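In what follows, a single structure is set out as structure tokens and then discussed.
The values are calculated or read from the model by the stated rules, or taken from the named source; none is laboratory data. Fair warning: this is a prediction, and the values are worked out from it, not measured in the lab. Cβ: placed from backbone, ideal geometry, glycine included. Neighbour counts: every protein chain shown. Accessible surface is based on the protein model in full, side chains and every heavy atom, while ligands, DNA and RNA are left aside. Shrake-Rupley method; radii C 1.70, N 1.55, O 1.52, S 1.80 Å.
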Amino acid sequence: QYNVSDDFNAETNMTIRYDLDKDGQTEIIVGFQGQEGSEVVVPWSFIAIGKEKNDTLDLEYVIPGNNYFYKIELKDMDNDGLYEIIFWQNGGVHYTNLDILKYHNGILELLFSNGSACSIEIEGNSYPYRIKIGRENWEKEGWDYASGEPLWQVYVWNGKEFIFSEKLSTVGREIDEKEAIQKYVDKVKGYLEKKK
């Protein structure tokens, strides 16, 4: 059980109602800042997904995020005519996480997940989108997080998944980063099971 918090950026809590898989039933996607249990003081961000039935949420999934909920958006990231759920979260002072989730026929799939202490951007107003993950540029004299242009790792959809584009990126993709991302993906997979 999770309590919706009155603190920790709770003013950004939001709800989207949309038929994600075009089956005639409206999904409800709730993004919120929550706390687990009455004694836990560390904030966590969440999205909850379910069907709208009799003006209530028939809950199917709860996906935890980083410390602070930022926003959820809907975009057709893979050009299949259906919107994906874009889940933005923050951690610490300026760390950002981005998760892209596909919901179809009651099944939730994680298409992309990454995080950075620098900026993260989804570039473009329609498909094909580019996901840009900023990385530190300490080699540049005077560079800092607040005002410096980061190095960019760019990911594009190849018809099956988001892949790293060496051609579009200004920095390589390091092995240790791949391992860190895989550990996070493995962790999240456990949450992508139906609540029922």
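Okay, residues lined up against (1) outside any loop (DSSP other than H, G, I, E, B); (2) open to solvent by less than 80 Å² (accessible area, probe 1.4 Å); (3) out of contact with any helix residue (DSSP H, G or I) (no Cβ under 6 Å at 6 or more places or on another chain); (4) modelled with pLDDT of 90 or more:
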{"site": "100", "(1), (2), (3), (4)": "yes, yes, yes, yes"}
{"site": "112", "(1), (2), (3), (4)": "yes, yes, yes, yes"}
{"site": "133", "(1), (2), (3), (4)": "yes, yes, yes, yes"}
{"site": "140", "(1), (2), (3), (4)": "no, no, yes, no"}
{"site": "144", "(1), (2), (3), (4)": "no, yes, yes, no"}
{"site": "169", "(1), (2), (3), (4)": "no, yes, yes, yes"}
{"site": "177", "(1), (2), (3), (4)": "yes, yes, yes, no"}
{"site": "181", "(1), (2), (3), (4)": "yes, yes, yes, no"}
{"site": "193", "(1), (2), (3), (4)": "no, no, yes, no"}
Tally of residues being assigned to a strand (DSSP E or B) and out of contact with any helix residue (DSSP H, G or I) (no Cβ under 8 Å at 6 or more places or on another chain) across the stretch 56-98: 25
All positions within the stretch 1-50 that are at pLDDT below 85 and among the small types (Gly, Ala, Ser): 5, 10, 34, 37, 38
In the stretch 71-95, the residues that are modelled with pLDDT under 90 and either surrounded by 15 or more Cβ atoms within 10 Å (Cβ to Cβ) or more than 21 Å from residue 146 (Cβ to Cβ) (or both): 90, 91, 95
